[in-house]
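What follows is a set of notes on a single structure, which appears directly below.
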Amino acid sequence: MHPLRSILNKMTWDRRERAENYVVYFIHRGVPGDTRKINASLITKVGPSWFMYATAESDETLIPFHRVRRIVNVQTGKLIWTKRVRKSD
């Protein structure tokens, strides 16, 4: 199982966790900084290589894992997950 999938599943479905404590940052072209953030409580589904979220303003949106940049616990400020960046030769 993809490590990011495990983290997203735990944040959203584990009763010991509170999804609203987490923020997911991902690439979203056209917004300032090309990065959007959502609260993990908006996640509706987690697939093998993607997750979906919905807001009051929009239907479900699918985000592939390769667009996710980091996940932060907003209560503690702790970085939960970050995308590894490959060094170029």
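The values are calculated or read from the model by the stated rules, or taken from the named source; none is laboratory data. These numbers were taken from a predicted model, which means no experiment stands behind them. Cβ sites come from the backbone with ideal geometry, for glycine too, and all protein chains shown count toward neighbours. These accessible areas exclude ligands, DNA and RNA; they are computed on the full protein's heavy atoms, side chains included. Shrake-Rupley method; radii C 1.70, N 1.55, O 1.52, S 1.80 Å.
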Sequence neighbours fewer than 8 away in the same chain don't count; with that in mind, list the aspartates and glutamates whose C-alpha is under 20 Å from LYS37. GLU17, GLU20, GLU57, ASP59, GLU60
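Taking all protein chains as present, what is the carbon and sulfur share of the accessible area of the chain, in % to the nearest whole number, probe 1.4 Å?
Numbers: 3060 of 6220 Å².
The C+S portion of the solvent-accessible surface of the chain is 49 percent.
As an exercise, find the ratio Rg/Rh for the chain from alpha-carbon atoms, using the Kirkwood inverse-distance average for Rh. Can you show the working numbers first?
Working: Rg = 13.0 Å, Rh = 13.5 Å.
Dividing the radius of gyration by the Kirkwood radius yields 0.96.
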Between ASP59 and GLN75, how many nm apart are label points set 7 Å from Cα along the C-beta direction? 3.5
Under a 1.4 Å probe, what is the accessible area of segment 2-89 per residue, stated in Å²? 69
